[in-house]
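**Student:** Quick one: the structure is below, questions incoming.
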């Protein structure tokens, strides 16, 4: 049973070979250098024998000089071969780890949003960085060492047999004694390595969350509490790492002790044979050389075995992530070329009997048998209390999730029949909480259209009423905004996001409470920018501030995942008690 687990652990490394395959010629070159260095290493023993028997013992200066020159030649060849082997294997390690990292990132950015509700970002980052770095070390260094040591072990044993059968049997009899601790401690190392990686992921997640919310931490004066909590997390990781290091240290120490004890026994037997005249000094010297080579090879294999155990755990986690399939898939055959949003015979957007439950809340319906039509060029406002399902409409429309029942169509085409790129390219989203990247202003605005010229970026910023404050920043459009745009006010961040949406020039505009968190002056700027952005577009607006949607073509009132009324502001004031109540609460408060 234990052997099967060992095989299963190492079998997780096999799929990594698919990433090595494109570089097979580099691998062959590295293996060639590996065979060369192994062959030279094995030849050195015979060189030692020749120097002792034909140089020292024969007493010939000329033969000694020749023997030493041959030895220097072999050492030079060994140095060249080692350089080639180390360089090529390290290159493969770096290249493959980058390829794996790219493959994982490509998978992560295409996964459905519900996956990130169930998996922590810190753990994903740990896999993307720590685990791939560990694999790079294994492929580029440890695997090469293991292969070289294995060759040296086999070749050394063969040369031992050729040199002296009796002494070889002494060495071979000790091999099982060395293998036993490798199996016992190696299994423990693998389990502790996996726990150690998980502990590191916990640290990354905790630290990332505290740093991201540092103002909240400081406003509640919880610095000391968070320091203590973080110290506890790091201590947990240290205790796991300490156990792993202890097991690896015991493994290496046991292997070295047993191996060199066997060599000591062999020296005693061999020395007795030299004294008895049944063995030459050169043969004993060569045998000692090969015995030390075998011992060092076994010690290296034992050390690398622990690393391979860790790599097996890292590979399993990485391959588990690569195996995740997104719940939101592109259609096998799309109808992108048939999409015409300006067609008069179909509504721009249609929700047909749509029901939906979030994966994290399967027992509670976010939407229930919802029907809604939005005509081309219409401005439709969606209002209702929190939890009514307003934002869920936007989530489904952009196919971040698929409905549990019913369908959503754009210009008469089911959105499941459009490629995700085509579908999302038609829409521009402006959320209540603006999302900015840790780059400069230019990058953040140009994110709406990466191919836009500088002039187009400047124009979009002017339409968004953002150009004035951007030009006053230290480096203007090239000013670094900090993490999540921390150097800007809420209104400034929102106007940058609006400039991004203007630059994208979408056919459908989605506004999710875009002005609700702004002061009066910022709101007036943003509202002016929105009026420009909404012109000649199909627009859906989610709003709590009902004063901003009075002039919408249609107002949709939602409650508990259902549409309970539609109409204009005046119509709903007289016909819908919930809308009237919302208006009274809003306007009385204002």
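**Student:** Anything in the stretch 336-360 that is assigned to a loop (DSSP other than H, G, I, E, B) and within 26 Å of residue 114 (Cα to Cα)? List them, or say none.
**Tutor:** Correct list: 358, 359, 360.
**Student:** Further, regarding this structure: Just to check your reading of the model, which residue among 134, 111 is closer than 22 Å to residue 202 by Cβ and outside any helix (DSSP H, G or I)?
**Tutor:** Among 134, 111, only 111 is closer than 22 Å to residue 202 by Cβ and outside any helix (DSSP H, G or I).
**Student:** Quick check: anything in the stretch 231-252 closer than 24 Å to residue 484 by Cα, in a helix (DSSP H, G or I) and modelled with pLDDT of 75 or more? I'd like the intermediate steps shown before the answer.
**Tutor:** Applying the first criterion (closer than 24 Å to residue 484 by Cα) to the stretch 231-252 yields none.
Looking through the stretch 231-252, none of the residues is closer than 24 Å to residue 484 by Cα, in a helix (DSSP H, G or I) and modelled with pLDDT of 75 or more.
**Student:** Applying the selection to the stretch 361-376, what residues are at pLDDT 85 or above and part of a loop (DSSP other than H, G, I, E, B)?
**Tutor:** The answer is 375, 376.
**Student:** Follow-up question, since we're still on this one. Tally time: how many residues in the stretch 425-448 are farther than 20 Å from residue 496 by Cβ and surrounded by 18 or more Cβ atoms within 10 Å (Cβ to Cβ)?
**Tutor:** Total satisfying the criteria: 1.
**Student:** Can residue 365 be described as over 29 Å from the mean Cα position of the chain (by Cα) and in contact (Cβ under 8 Å) with a residue 40 or more places away in the chain?
**Tutor:** So residue 365 fits the description; yes.
**Student:** If you don't mind, there's one more thing I want to ask. Looking for something within 31 Å of the chain's Cα centre (by Cα), touching a residue at least 60 places away in the same chain (Cβ under 8 Å) and not in a loop (DSSP other than H, G, I, E, B) - is there at least one such residue anywhere in the stretch 320-329? Spell out the reasoning first.
**Tutor:** Initial filter on the stretch 320-329 (within 31 Å of the chain's Cα centre (by Cα)): 320-329.
Subsequent filtering for residues that are touching a residue at least 60 places away in the same chain (Cβ under 8 Å) retains 321-322, 324, 326-328.
Among the residues that remain, those that are also not in a loop (DSSP other than H, G, I, E, B) are: 321-322.
So far as the stretch 320-329 goes, yes, one or more of its residues are within 31 Å of the chain's Cα centre (by Cα), touching a residue at least 60 places away in the same chain (Cβ under 8 Å) and not in a loop (DSSP other than H, G, I, E, B).
**Student:** I want to confirm something. Restricting to the stretch 371-389 and keeping residues that are buried (at least 22 other Cβ atoms within 10 Å of the Cβ) and within 38 Å of the chain's Cα centre (by Cα), which single residue is farthest from residue 411 (Cα to Cα)?
**Tutor:** Only one residue fits best here, namely 388.
**Student:** Could I ask something else about it? In this structure, does residue 264 turn out to be modelled with pLDDT of 75 or more and surrounded by 14 or more Cβ atoms within 10 Å (Cβ to Cβ)?
**Tutor:** Criteria not met by residue 264.
**Student:** Still on this structure, I have one more. Out of the residues in the stretch 267-283 that are touching a helix residue (DSSP H, G or I) at 6+ places or on another chain (Cβ under 8 Å) and more than 16 Å from residue 169 (Cβ to Cβ), state the one that is surrounded by the most Cβ atoms within 10 Å (Cβ to Cβ).
**Tutor:** Out of the qualifying residues, it is 282.
**Student:** Name every residue in the stretch 448-467 that is at pLDDT below 85 and part of a helix (DSSP H, G or I), in order of residue number.
**Tutor:** If the condition is that a residue be at pLDDT below 85 and part of a helix (DSSP H, G or I), then 463 is the only one that fits.
**Student:** Okay, next question. Which one of these is at negative phi and touching a strand residue (DSSP E or B) at 6+ places or on another chain (Cβ under 9 Å): 242, 335?
**Tutor:** Only one candidate qualifies: 335.
**Student:** How about the stretch 469-501: which of its residues are at pLDDT below 85, over 23 Å from residue 513 (Cα atoms) and in a helix (DSSP H, G or I)?
**Tutor:** Once the filter is applied, which keeps residues that are at pLDDT below 85, over 23 Å from residue 513 (Cα atoms) and in a helix (DSSP H, G or I), the stretch 469-501 yields nothing.
**Student:** With the requirement that a residue be touching a residue at least 12 places away in the same chain (Cβ under 8 Å) and within 23 Å of residue 490 (Cβ to Cβ), what does the stretch 438-457 give you? Walk me through how you get there before you give the answer.
**Tutor:** Here is the first cut: in the stretch 438-457, the residues touching a residue at least 12 places away in the same chain (Cβ under 8 Å) are 438-442, 444-449, 452, 454, 456-457.
Within the stretch 438-457, 438, 439, 440, 441, 442, 444, 445, 446, 447, 448, 457 qualify.
The values are calculated or read from the model by the stated rules, or taken from the named source; none is laboratory data. What you are looking at is a predicted structure, and each value in this text was computed from that prediction instead of being measured. Heads up, the Cβs are rebuilt from the backbone with ideal geometry, glycines too, and the neighbour counts pull from every protein chain shown.
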